[in-house]
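> Questions regarding the structure given below will be posed in turn.
The values are calculated or read from the model by the stated rules, or taken from the named source; none is laboratory data. Keep in mind that what you see is a predicted model, and the values were worked out from it rather than measured. Glycine gets a Cβ as well: all are built from the backbone with ideal geometry, and neighbour counts include every protein chain shown.
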Amino acid sequence: KVYSKSEITTAWNGKAFLKLMVRWMKTDIGAIGFHQIPVHRDDGTVYQTEEELGTRLSGGCQRQAKEDAEFLWKFAKIGTPVVVI
């Protein structure tokens with residue numbers, strides 16, 4: 001279930017900003033959650049395009065297009081169940 005949310009946070013390695021982070025699982029190095037496509041801290045460019053969503057470019061989080069991340073951010077409250085299929 002969703003246990004916390006942040007409008008913006010930093011990736012575990014400190015190299016990226018993650019906007020609209022909705023966390024649902026804790027790990028040894030941080031958290032797994034849903035968030036907008038990450039942006040590089042140094043220059044603000046995105047790590048991937050929307051066309052690349054769903055490919056193996058993540059460390060575990062579910063990356064989303066801006067519109068989808070905004071919807072989930074508004075929809076998911078603390079305690080909302082998350083089911084992984």
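> Please go through region 30-46 and give me each residue that is surrounded by fewer than 16 Cβ atoms within 10 Å (Cβ to Cβ) and either touching a Cys at 6+ places or on another chain (Cβ under 8 Å) or of a type outside the set (D, E, K, R) (or both), ordered by number.
His40, Gly44, Thr45, Val46, listed by residue number.
> Say whether the condition of being in contact (Cβ under 8 Å) with a residue 12 or more places away in the chain, over 14 Å from the mean Cα position of the chain (by Cα) and surrounded by 12 or more Cβ atoms within 10 Å (Cβ to Cβ) is met by at least one residue in region 58-81.
Scanning region 58-81, I find at least one residue that is in contact (Cβ under 8 Å) with a residue 12 or more places away in the chain, over 14 Å from the mean Cα position of the chain (by Cα) and surrounded by 12 or more Cβ atoms within 10 Å (Cβ to Cβ), so the answer is yes.
> Continuing with this model, one more query. Between a first residue in region 2-27 that is part of a strand (DSSP E or B) and a second residue that is of a type in the set (Ser, Thr, Tyr), which pairs have beta carbons less than 6 Å apart while being 6 or more apart in sequence or on different chains?
These pairs meet every condition: Leu18/Thr9; Met21/Ser6; Met21/Thr9; Arg23/Tyr3; Arg23/Ser4.
> A further question on this structure: Any idea which of (1) over 14 Å from Val82 (Cβ atoms); (2) exposed (fewer than 15 other Cβ atoms within 10 Å of the Cβ); (3) not acidic (Asp, Glu) is the one Lys26 doesn't satisfy?
Looking at each condition in turn, Lys26 falls short on (1).
> Specify the residue that is modelled with the lowest pLDDT; the eligible residues are those in region 1-30 that are among the small types (Gly, Ala, Ser) and closer than 17 Å to Ala69 by Cα.
Looking at residues that are among the small types (Gly, Ala, Ser) and closer than 17 Å to Ala69 by Cα, I get Ala11.
> Among the residues that make up region 44-66, is at least one of them assigned to a strand (DSSP E or B), within 19 Å of Ser4 (Cβ to Cβ), of a type in the set (D, E, K, R) and out of contact with any Phe, Trp or Tyr (no Cβ under 6 Å at 6 or more places or on another chain)?
For region 44-66, residues assigned to a strand (DSSP E or B), within 19 Å of Ser4 (Cβ to Cβ), of a type in the set (D, E, K, R) and out of contact with any Phe, Trp or Tyr (no Cβ under 6 Å at 6 or more places or on another chain): present.
> Sticking with this one: Across region 28-41, what is the number of residues that are over 20 Å from Leu53 (Cβ atoms), in a loop (DSSP other than H, G, I, E, B) and touching a residue at least 12 places away in the same chain (Cβ under 8 Å)?
2
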